[in-house]
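Asks: Here it is: the structure, laid out below.
Every number in this text was worked out from the coordinates using simple rules, so none of it is lab data. A quick note: this is a predicted structure, and the numbers were derived from the prediction, not measured. Cβ: placed from backbone, ideal geometry, glycine included. Neighbour counts: every protein chain shown.
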Amino acid sequence: MDPFWDPRSRRRRQQPVVAVHPADGAPAADRTWPASIPAVAQVLREGIDLDPGVTFLVGENGSGKSTLVEGIAVAYGLSPEGGSRQARHSTRPTESPLSEWLRIQRGVGANRWGFFLRAETMHSFYTYLEENPSTGPEPLFHEMSHGESFLAVLETRFDDPGFYCLDEPEAALSFSSTLSLIAVLRRIADEGGQVLCATHSPVLAALPGATILEVGEWGLRPAVWEDLELVRHWRSFLDDPARYTRHLLD
Ligand SMILES: Nc1ncnc2c1ncn2[C@@H]1O[C@H](COP(=O)(O)OP(=O)(O)O)[C@@H](O)[C@H]1O
Ligand SMILES: [Mg+2]
């Protein structure tokens, strides 16, 4: 059976990114960053197939999630500062060379639009959005709370079936807003879009049908939600917070 067959549209699904391959001349794993990160080294060695729909990257701080999301986003043609592929508001000096070492295999006839949402640069990005309105006036992002403005971005800019690269999008969001984000991601996937999302949120990662890749010293490996370290820690913490705080505060 063809995994890309979409019974609803009765067409082969044209996902924006089928796979990410190492580009000609990409370095092998070595001791220099970012090829020194195991997950990056794995992608430089064997590439990575991306499933249709939503893929989450989960793992400890420093495991390489942001480096991968940025490298793939920029290789796809998105601005390293965040925003859509047309957004070219400034260059980012801290950008890693990874994007130059990757080659994106696009779906045949797939949508080429995309959006890169990185938490640290949202503020400058709001200024850019206000100064470069897409269709009609933009909401006044600077006058909203962080979480409110974030949801406004989701609602005004996440309406194309393109490729969405998101880095910890839950950072600004309450529990119930994170649930709203699940619904946004599901809508994108249902409309033929694709999402690559780094997250620390067990709520977000619970999106049914999503692919989860656990990032760590082993590289990248498929995982199921119930078995994630993240989920087990939250479960046992909520069960008995004192078990954790005791050790910290003694
Ligand atoms: N510009 C940089 N130069 C050198 N090392 C970096 C740079 N940016 C990040 N790193 C290192 O790369 C590793 C992976 O970082 P990152 O991708 O941000 O991890 P994560 O998003 O999973 O927390 C970390 O050890 C980090 O210190
Ligand atoms: Mg990160």
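Asks: Residue by residue through the range 139-154, what is 3J(HN,Hα) from phi via Karplus (6.51 cos²θ - 1.76 cosθ + 1.60, θ = phi - 60°)? Round to whole Hz and write x for glycine and proline.
Replies: Working through the residues one at a time gives x, 7, 4, 5, 8, 9, 5, 3, x, 5, 5, 4, 5, 4, 4, 4 Hz.
Asks: Between residue 180 and residue 24, how high is the FRET efficiency from 1/(1 + (r/R0)^6) when r is the Cβ-Cβ distance and R₀ = 35 Å? Nearest 0.05.
Replies: Approximately 0.25, to the nearest 0.05.
Asks: Say a paramagnetic label sat at a point 7 Å from the Cα of residue 171, along Cα to Cβ; which residues of the range 146-163 have their backbone N under 13 Å from it?
Replies: 146-147, 150
Asks: Can you sort 200, 247 by how many other beta carbons sit within 10 Å, fewest first?
Replies: So the ranking, lowest neighbour count to highest, is 247, 200.
Asks: Let me ask another. Taking other Cβ within 10 Å of each residue's Cβ, how do 244, 76, 164 sort, fewest first?
Replies: Ranked by crowding around the Cβ, least crowded first: 244, 76, 164.
Asks: Once you place label points 7 Å from the Cα toward the Cβ at residue 143 and residue 240, how far apart are they in nm?
Replies: 5.1
Asks: Within a 10 angstrom radius of the beta carbon, how do 67, 156 rank from fewest other beta carbons to most?
Replies: 156, 67
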